[in-house]
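Below is one structure; the comments refer to it alone.
The values are calculated or read from the model by the stated rules, or taken from the named source; none is laboratory data. The structure displayed is predicted, hence computed values, not measured ones. Methodologically, a virtual Cβ is constructed for each residue, glycine included, from the backbone with ideal geometry; neighbour enumeration extends over all protein chains shown.
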Amino acid sequence: MTAGENSVQSNKSIPDLAPLEAVLFDIDGTLCDSDPLHYTAFCQMFAEIGMEVPDVEFLSKNIAGKHNDDIAAILFPDDIPKGLKFMEDGEAKFRRLASENLPSIKGLYKLTKWIEDRGLKRAAVTNASKQNAQLMISKLGLQDFFDLVIVGSECERPKPYPDPYLKALQLLQVSKDHTFVFEDSLPGIKAGVAAGIPVVGLTTNYPENLLMEANPTFLIKDYEDPKLWDYLEQLDKKREEVVEKQPLEFPNNLGYPNCKREEQEILVLEFENQIQTGRQMQAFVHETKNK
């Protein structure tokens, strides 16, 4: 079964997600511009074993965003153990390179502040190894930002299957109808779409026409893209409208009547100003119920 089968692709736009509950991020190429480092590590590894280095287009279409087991099978279909060892050594080279320099995607910290200011839940969801994921998040200073980190190897199936994103929704206890994803690769976008979550794709390293094949909600260049902030502004406005229409909730034992929001707000003020003791509270509630 492919990721597209049994897909529950969301047709929601970002503003329609209000009130937003959570934001999910891929890591490689989404939080940081790590793909050039992966390519450098690949080049060094291929040179060491005397193999021709695949071109960037091949890597983009066949390697980027995939789980290491799948990459090993693509590069060494006749010798999987050799492929797995190759990937393990390549990951070690990548970590050395990333430890020296790991640039964040432009505008990342502006976006993380927006998310923190609104108290949203957040998770990193990646096909990278756990070691790589932890290193990149640490180098970016985001250890305290994420509520949890989901890696593909800890799921039944990695991306492009929806399992990692479905696991994130389950653990965060949020709805796909009030969550969206940031992704930069074809497998990653397919995974989010198959999980029924709107996906914002980043054209960090891959052409728009390639990413559009996976049906993202829309594409952005980076986190300073005006298109993204226009949608987030609409989302804030939509949230205010949704909240304004929701009735205030009161404990049943207080006996507040069902009434318009404006009347409820007046009752709250009266309660705060007049009720000082348990006896006074009971008297006030009794009067309110009998009006």
When both residues are 6+ apart or on different chains and their Cβ atoms are under 7 Å apart, which pairs have a first residue that lies in region 70-81 and is assigned by TED's automatic domain parsing to the domain that holds residue 45, and a second that is among the polar types (S, T, N, Q)?
74/62
From the list 196, 152, pick out the single residue that is small (Gly, Ala, Ser), in contact (Cβ under 8 Å) with a residue 40 or more places away in the chain, surrounded by fewer than 24 Cβ atoms within 10 Å (Cβ to Cβ) and touching a helix residue (DSSP H, G or I) at 6+ places or on another chain (Cβ under 7 Å).
196
Sole residue being assigned by TED's automatic domain parsing to the domain that holds residue 187, at pLDDT 75 or above and within 29 Å of the chain's Cα centre (by Cα), chosen from 94, 25:
25
Any idea which of (1) under 22 Å from residue 183 (Cα atoms); (2) in a helix (DSSP H, G or I); (3) at pLDDT 75 or above; (4) touching a helix residue (DSSP H, G or I) at 6+ places or on another chain (Cβ under 8 Å) is the one residue 70 doesn't satisfy?
(4)
Right, residue 101: crowded, with 18+ Cβ neighbours inside 10 Å, under 16 Å from residue 41 (Cβ atoms) and polar (S, T, N, Q) or not?
no
Residue 184: more than 20 Å from residue 29 (Cα to Cα) and either of a type in the set (S, T, N, Q) or assigned by TED's automatic domain parsing to the domain that holds residue 221 (or both), yes or no?
no
For region 104-117, which positions are over 15 Å from the mean Cα position of the chain (by Cα) and either surrounded by 15 or more Cβ atoms within 10 Å (Cβ to Cβ) or of a type in the set (A, V, I, L, M, F, W, C) (or both)?
104, 107
If you go through region 24-40, how many residues are buried (at least 21 other Cβ atoms within 10 Å of the Cβ) and in contact with a helix residue (DSSP H, G or I) (Cβ under 8 Å, 6 or more places away or on another chain)?
11
What number of residues within region 179-210 satisfy the criterion of being of a type outside the set (Phe, Trp, Tyr) and more than 20 Å from residue 167 (Cα to Cα)?
9
Among the residues in region 28-50, are any part of a loop (DSSP other than H, G, I, E, B), modelled with pLDDT under 80, more than 17 Å from residue 219 (Cβ to Cβ) and not β-branched (Val, Ile, Thr)?
yes
Scan region 150-170 for residues that are among the polar types (S, T, N, Q) and at pLDDT 95 or above and report the count.
1
